[in-house]
Amino acid sequence: MNSHLMDLAKNKLILLYILSRNPNLYNNHTLTNFILQNELMNYFFLNQYLAELMDSEFVEENIQGKLHLAPLGEEALSFFKNQITKSELDHLEKLLIKDQEKLQPIEYTGEILNEELILQATKGAKVLFEMKLTIEDNSSAEEILENFISHGEQILYKVDEVLTTTYEN
């Protein structure tokens, strides 16, 4: 087989592999950044390959614009994954783990335990923020919890702003 066709096939398999390892993590922009920053392929080929994979229904985009493998893509990857060498897969794994940590969204959660409301912002297994509040009634605790889950990013921005402001005595 022609060297150019081999590269084309391998690069498409690499794209399928990346999306299989981190489904719904990448949108077109973040995938492009990942590929270019790690010099896996050039911008023009990447966009051509991705368009072809989407047109042939190997890759789909969800309603939030995140990319994932379609059943045809999963099937193709399972048949041809062995065309990617072990050293290439190991290299990709290291890059993907590093990128996954960077791109993983912050999750805003909380729970009401006895007379305490615990609010947390986590990124994977790492706790970024935790606050415990003593509560007098569950209705206000539920309202605070719902607000934190829905607007956690804005709330933490305000907390950071207040805590980093220098106040005069």
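FYI, it's all coordinate maths here, none of it is from the lab. Since the structure is predicted, the reported quantities are computational estimates derived from the model, not experimental observations. Please note: Cβ atoms are built from the backbone with ideal geometry, for glycine as well, and neighbour counts cover all protein chains shown.
Site pair Asn114 and Asn38 shows an inter-label distance of 4.6 nm when each label is modelled 7 Å from Cα along Cα→Cβ.
Mind grabbing the base-10 log of I(q)/I(0) for the stretch 40-86 at q = 0.15, 0.17, 0.24, 0.30 Å⁻¹? Debye formula, identical points on the C-alpha positions, no solvent, two decimal places. Values returned for q = 0.15, 0.17, 0.24, 0.30 Å⁻¹ are -0.45, -0.58, -0.99, -1.08.
Could you give me D for the stretch 107-163, from Stokes-Einstein at 25 °C and 0.890 mPa s, where the hydrodynamic radius is the Kirkwood radius over C-alpha pairs? Units µm² s⁻¹, please.
The Stokes-Einstein estimate is 211 µm²/s.
Over the Cα atoms of the chain, the radius of gyration divided by the Kirkwood radius equals 1.15; this is the Rg/Rh ratio.
Please go through the stretch 104-155 and write out the GluC sites (Glu not before Pro) that DSSP classes as loop and that have at most 14 other C-beta atoms within 10 Å.
Values: sites: Glu107, Glu111, Glu115, Glu116, Glu130, Glu136, Glu142, Glu143, Glu146, Glu153; in loops: Glu115, Glu136.
The qualifying sites are Glu115, Glu136.
When shorter helices are ignored and each DSSP H run of at least 4 residues is given -39500 (n - 2.57), the per-residue value for the chain at 222 nm works out to -19000 deg cm²/dmol. The distance linking the stretch 8-31 with the stretch 114-169 is 35 Å (Cα centroid to Cα centroid, whole angstrom).
With contacts taken as Cα pairs under 8 Å at a separation of at least 6 residues, the stretch 85-169 carries a relative contact order of 21 percent. Helix 3-21 and the long axis of the chain differ in direction by around 20°, with both axes built from C-alpha atoms. The order of His91, His29, going from fewest to most other C-beta atoms within 10 Å of their C-beta, is His29, His91. With θ taken as phi - 60° and the Karplus curve 6.51 cos²θ - 1.76 cosθ + 1.60 applied, the whole-hertz 3J(HN,Hα) list for the stretch 33-50 is 4, 4, 5, 6, 4, 9, 6, 7, 6, 7, 4, 5, 5, 4, 5, 5, 4, 5 Hz, x standing for glycine and proline.
Just the number, please: Stokes-Einstein D of the stretch 3-103 in µm²/s, Kirkwood Rh from C-alpha pairs, 4 °C, 1.567 mPa s.
Details: Rh = 13.5 Å.
Using the Kirkwood radius from Cα pairs, D works out to 96 µm²/s.
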